[in-house]
1. Considering region B:76-97 alone, what residues qualify as being within 8 Å of chain A (Cβ to nearest Cβ) and under 21 Å from residue A:65 (Cα atoms)?
2. Would you be able to tell me the number of residues in region B:170-211 that are in contact with a strand residue (DSSP E or B) (Cβ under 9 Å, 6 or more places away or on another chain), in a helix (DSSP H, G or I) and closer than 24 Å to residue A:340 by Cα?
3. Pairs needed: first member in region B:127-147, closer than 11 Å to residue B:282 by Cβ; second member anywhere, charged (D, E, K, R); C-beta distance under 7 Å; at least 6 residues apart or different chains.
4. Looking at A:184, A:163, A:158, can you tell me which residue is of a type outside the set (Gly, Ala, Ser), buried (at least 22 other Cβ atoms within 10 Å of the Cβ) and either within 22 Å of residue A:25 (Cα to Cα) or in the same structural domain as residue A:213 (by TED's automatic domain parsing) (or both)?
5. Taking helices (runs of 4 or more DSSP H) that fall entirely within region B:250-360, which contain at least 1 residues that are more than 14 Å from chain A (Cβ to nearest Cβ)?
6. Return a yes/no flag: does region A:112-122 have any residue that is among the aliphatic types (A, V, I, L, M) and assigned to a strand (DSSP E or B).
7. Residues being modelled with pLDDT of 95 or more and out of contact with any helix residue (DSSP H, G or I) (no Cβ under 6 Å at 6 or more places or on another chain): count how many of those fall in region B:283-293.
8. If you check A:198, A:141, which single one turns out to be surrounded by fewer than 18 Cβ atoms within 10 Å (Cβ to Cβ), out of contact with any Phe, Trp or Tyr (no Cβ under 6 Å at 6 or more places or on another chain) and away from every other protein chain (no Cβ under 14 Å)?
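The values are calculated or read from the model by the stated rules, or taken from the named source; none is laboratory data. Since this is a predicted model, take the numbers as computed values, not measurements. Neighbour counts are summed over all protein chains in view; Cβ atoms, including those assigned to glycine, are modelled from backbone coordinates with ideal geometry.
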Protein chains: 2
Amino acid sequence: MTENLRTHKDLNLVPFVSVDHMMRLIHRIGIEKMMTGIAAYIEADFSRWESFDKTARIASHSDKGVIELMPTSDGKLYGFKYVNGHPKNMKEGLQTVTAFGVLSEVYTGYPVLFSEMTILTALRTAATSAVAAKYLARDDSRCMAIIGNGAQSEFQALAFKALLGIDRLRLYDIDPAATAKCKLNLSDCGFEITCCDSAAAAVAGADIITTVTADKRNATILTDDMIVSGVHINAVGGDCPGKTEVDREILLRAEIFVEYPPQTRIEGDIQQLPADYPVNELWTFIRDEQQGRTEREQITLFDSVGFAIEDFSALRYVRDQLGKPGMSDLCEDLDLIADPDEPRDLYGMVQRNASVSIAA
Amino acid sequence: MTENLRTHKDLNLVPFVSVDHMMRLIHRIGIEKMMTGIAAYIEADFSRWESFDKTARIASHSDKGVIELMPTSDGKLYGFKYVNGHPKNMKEGLQTVTAFGVLSEVYTGYPVLFSEMTILTALRTAATSAVAAKYLARDDSRCMAIIGNGAQSEFQALAFKALLGIDRLRLYDIDPAATAKCKLNLSDCGFEITCCDSAAAAVAGADIITTVTADKRNATILTDDMIVSGVHINAVGGDCPGKTEVDREILLRAEIFVEYPPQTRIEGDIQQLPADYPVNELWTFIRDEQQGRTEREQITLFDSVGFAIEDFSALRYVRDQLGKPGMSDLCEDLDLIADPDEPRDLYGMVQRNASVSIAA
């Protein structure tokens, strides 16, 4: 009976990682080490791609932005993320992207982790980009241009430093204040940083070009004449219908790599191309530990939109960290699941609560 | 600036209604009054059916059960529910169905309510059944049979009492302990209760027949010979592929009413019928305040599976109650949304937290 009650207690209380908890987790582990850890979970999960239920995310669009649900399951765990994308939010002092997510046990259907994911999404997006670049960028890459110096930019820089050894940054944003903020935030991280006054200036000499702008429109951040052979393009910002960053001509010159084609063809920069245009699936290279880049002079492009498995990996990573000694203070228990002692007696549980409620 | 900070504070903290809060809300309002209130919200939302984004729920099936996401939006608010269905859970001392849900503001994409929904789903399911019966059952209905006396049964009884004046119950479950539990729980609620030893005995003389069993298989809870003319069947338990309760012959004799045909044809009892079999949409009768039953001798059947708009209505109802004077103690603020003062400075917010974390 005691055992039974303990099991009930465990299942009806769901560990919750708040924003504050997540920040403390990052500092306790170290942000570069944490992104490296998440990257390893993403690689492990992409390597068993066929184990997952895969579905394009379920989007609810309005003229102000989009709200999406991103579910997946490997048959043992089920995960989903809620995420919004509201480019207009920034001008109102709000985040463009906020998110939270849940991991559940497939066997019972009970949630086992509820977590903030605004910060965690920033980490996993950067980790995914760096994983892709490991397979796609030239081995001697040292210098990265970052076009768009908003909320995601520093995370990209640090993930590429941790996983690829990038130590030179060339920053550009249409708002110089964003560039100044990015430079200041990264000033003690071991980068040589150059602030540039145009996208063209930023990409000059870069081995890797990261585009991570937030406008919800078909913008042309990169034009064909900026792109020299041998470069890797990490195109992060073009991630919903009508929102692209890269000129179509560049797409036609590049070898294109994507997370999950059915979703990327709708949301990614390749929405500019025919629906049957050949693209490569990142997971196949990760699983076979095989370089995606075949020639030094090749232009490679990772058309990042963000896929549910990456969130699943990030949540799985967080859950595993919380289980380690000394980490249990990084979450709190939420009274989320009604779980009467006799499962068919939900009404009785509510009814018995009446005396407590009235007394309170 | 103070104003701005207050706005930030309001948005980054999300009101959370725990299981305990929900039970106290029910007792403060009164369960029958609360179901009547939720029913009114459901009627109001079904009356503006065309305002809603509608999609069949997104299900992840395993051999143990199903986990589903149920999103909808009216353009101003967005809502979704997470819900599982694991019939095998009951034998392990767990709930068959657990749920939680979120309401968000479409304008910002920020969540504005996070709530337990295991109990709330029980209320809204019963409220929806009673709303349907208002339009479909004979006006002089007094006696309801309930086949399946599990977690949903008492809520059904009380909703039908509150909305239709049902005051006689005929209970049957394959497990007499479930019937005894249901009878005991309802003993002070003003019903005349008869416990029956078969489904056939329970339906004899009933004006309304509610089937609410939990087996995940094609069961035949009701057979054709049990059904007399003039009865209303509230078929609640057949709600996923391969899970039905009502004999096909009964479906062919009855006038069938459903929530959202594309979902019900997959999940409801009508999965036994051809995909183009004519059914009536409940919302059209609610909007026009028009009886669905046209003849006293007619057999009507509500093939309930549960639709996202009902959860949206229930969450909206809860949110409005929390806004009333004296109700603010029925939720707590969750630190769920990372919201730096400068929206593009998410990394800076994390970085500035380092000193706090290390000191802690």
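1. Step one: of region B:76-97, the residues within 8 Å of chain A (Cβ to nearest Cβ) are B:78, B:80, B:82, B:84-86, B:89-90, B:92-96.
Those that are within 8 Å of chain A (Cβ to nearest Cβ) and under 21 Å from residue A:65 (Cα atoms): B:78, B:80.
2. The total comes to 6.
3. What qualifies is B:128/B:310; B:131/B:43; B:136/B:293.
4. Numbers: A:184 fails: buried (at least 22 other Cβ atoms within 10 Å of the Cβ); A:163 fails: buried (at least 22 other Cβ atoms within 10 Å of the Cβ).
Going through A:184, A:163, A:158 in turn, just one is of a type outside the set (Gly, Ala, Ser), buried (at least 22 other Cβ atoms within 10 Å of the Cβ) and either within 22 Å of residue A:25 (Cα to Cα) or in the same structural domain as residue A:213 (by TED's automatic domain parsing) (or both): A:158.
5. Details: elements: B:261-267, B:282-287, B:308-322, B:346-359.
Those helices (runs of 4 or more DSSP H) span B:261-267, B:282-287, B:308-322.
6. In the first step, residues of region A:112-122 are kept if they are among the aliphatic types (A, V, I, L, M); the result is A:112-113, A:117, A:119-120, A:122.
This time we only want the ones that are assigned to a strand (DSSP E or B), so: A:112-113.
Looking for residues that are among the aliphatic types (A, V, I, L, M) and assigned to a strand (DSSP E or B), one finds at least one in region A:112-122, hence yes.
7. Qualifying residue count, region B:283-293: 1.
8. Numbers: A:141 fails: surrounded by fewer than 18 Cβ atoms within 10 Å (Cβ to Cβ).
Answer to the selection: A:198.
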